[in-house]
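**Q** Below is a structure I'd like to ask you about.
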Amino acid sequence: MKSFDPARWADIKLFAMDVDGVLTDGKVTVFSNGVESKVFSILDGLGLRSLLLSGYEVAWISGRISKATSVRATELEIPHLFQGSREKQEILEELATKLEIPAKNVCYMGDDLVDLKALEWAGIAVAVPNAMPEVIATADYITQQSGGAGAVREICNHILAARMS
């Protein structure tokens, strides 16, 4: 794992991430009526809003379809939400191409094996500390905070600080 290098992060234009295990702690509560519940961090939400207001592109790419994820993405005005596909690298590459952002200017954050190809493709690969070992081994940076507990905010702060450097 490499340490935080502001020069490398200064050119990030798109911050994309997995949802479960990154924006949440990876737990899903399913009630007997089929309604599901997830917990999202307010810290992460404020960090993402700061990025968006500063002109960055933000994307959520989840293998699961979840109303809770849709509701939170709407609240935060996340412009790019993809759910229900395990082909995260393909989605990420197509989005970056559409936005005319090269891979070197993309930061992707994940925690599980389904994120590996997207992590390998992106210019900066980020993992949460409780990610699968293969993800940790691929990551350029491992957050101090856990998924759902400020890890996304940590990366938002790095991206914003790198721009100021």
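The values are calculated or read from the model by the stated rules, or taken from the named source; none is laboratory data. What you are looking at is a predicted structure, and each value in this text was computed from that prediction instead of being measured. Neighbour counts run over all protein chains shown; Cβ positions are idealised from the backbone, glycine included. Accessible surface areas use protein heavy atoms only, side chains included; no ligands, DNA or RNA. Shrake-Rupley method; radii C 1.70, N 1.55, O 1.52, S 1.80 Å.
**Q** Can you tell me which residue in the range 25-79 is nearest to residue 148 (Cα to Cα), limited to those that are part of a loop (DSSP other than H, G, I, E, B) and polar (S, T, N, Q)?
**A** Taking the candidates together, the pick is 41.
**Q** So, one more: Let me confirm something: among 5, 111, which residue is of a type outside the set (A, V, I, L, M, F, W, C), under 20 Å from residue 158 (Cα atoms) and in contact with a helix residue (DSSP H, G or I) (Cβ under 8 Å, 6 or more places away or on another chain)?
**A** Of 5, 111, the one residue that is of a type outside the set (A, V, I, L, M, F, W, C), under 20 Å from residue 158 (Cα atoms) and in contact with a helix residue (DSSP H, G or I) (Cβ under 8 Å, 6 or more places away or on another chain) is 111.
**Q** Let me ask something else about it. Restricting attention to helices (runs of 4 or more DSSP H) lying wholly within the range 80-150, give those where 2 or more residues are closer than 15 Å to residue 63 by Cα.
**A** Of the helices (runs of 4 or more DSSP H) lying wholly inside the range 80-150, those with at least 2 residues that are closer than 15 Å to residue 63 by Cα span 88-99, 116-121.
**Q** Check the range 107-126 and report whether any residue there is in contact (Cβ under 8 Å) with a residue 60 or more places away in the chain, open to solvent by less than 10 Å² (accessible area, probe 1.4 Å) and aromatic (Phe, Trp, Tyr).
**A** Scanning the range 107-126, I find at least one residue that is in contact (Cβ under 8 Å) with a residue 60 or more places away in the chain, open to solvent by less than 10 Å² (accessible area, probe 1.4 Å) and aromatic (Phe, Trp, Tyr), so the answer is yes.
**Q** Being open to solvent by 30 Å² or more (accessible area, probe 1.4 Å), in contact (Cβ under 8 Å) with a residue 60 or more places away in the chain and hydrophobic (A, V, I, L, M, F, W, C) is the requirement here; does residue 95 meet it?
**A** Answer is no for this residue.
**Q** So, one more: For the range 130-164, what are the residues that are without any contact (Cβ under 8 Å) to a residue 40 or more places away in the chain and either farther than 25 Å from residue 83 by Cβ or open to solvent by less than 10 Å² (accessible area, probe 1.4 Å) (or both)?
**A** 133, 135, 137, 143, 144, 164
**Q** Can you name every residue in the range 46-76 that is over 16 Å from residue 156 (Cα atoms) and of a type outside the set (Gly, Ala, Ser)?
**A** 61, 64, 65, 67, 69, 71, 72, 74, 75
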